[in-house]
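Asker: Right, I'll just put the structure down here and ask away after.
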Amino acid sequence: MTTTSSMELKDIILNTNIGTYGPNHPMPDHHVLDLTLQIDT
């Protein structure tokens with residue numbers, strides 16, 4: 001018997017600093033997360 005579960009997150013706004021930006025590079029106001037997780041057993 002096979003079981004499948006999935007979860008999907010879309011357009012989650014992350015207000016955090018991710019990455020390194022130089023003094024002349026624009027820094028984004030936020031990052032957006034789209035995630036799909038599927039587990040088959």
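The values are calculated or read from the model by the stated rules, or taken from the named source; none is laboratory data. Predicted model only: the values in this text are computed from it and were never measured. Note that we place each Cβ from the backbone using ideal geometry, even for glycine, and neighbour counts take in every protein chain shown.
Asker: Within the stretch 1-14, track down each residue that is in a strand (DSSP E or B), within 13 Å of Gln38 (Cβ to Cβ) and not charged (D, E, K, R).
Answerer: Thr4, Ser5, Ser6, Met7, Leu9
Asker: For Asp29, state whether it is of a type in the set (Asp, Glu) and either touching a Phe, Trp or Tyr at 6+ places or on another chain (Cβ under 9 Å) or in contact (Cβ under 8 Å) with a residue 24 or more places away in the chain (or both).
Answerer: No: the conditions fail for Asp29.
Asker: Related question: Can you give me the number of residues within the stretch 15-41 that are under 30 Å from Thr4 (Cβ atoms) and either assigned to a loop (DSSP other than H, G, I, E, B) or modelled with pLDDT under 90 (or both)?
Answerer: 1
Asker: Here is a further query. Could you tell me how many of the residues in the stretch 4-26 are touching a residue at least 12 places away in the same chain (Cβ under 8 Å) and farther than 30 Å from Asp40 by Cα?
Answerer: So the count comes out to 3.
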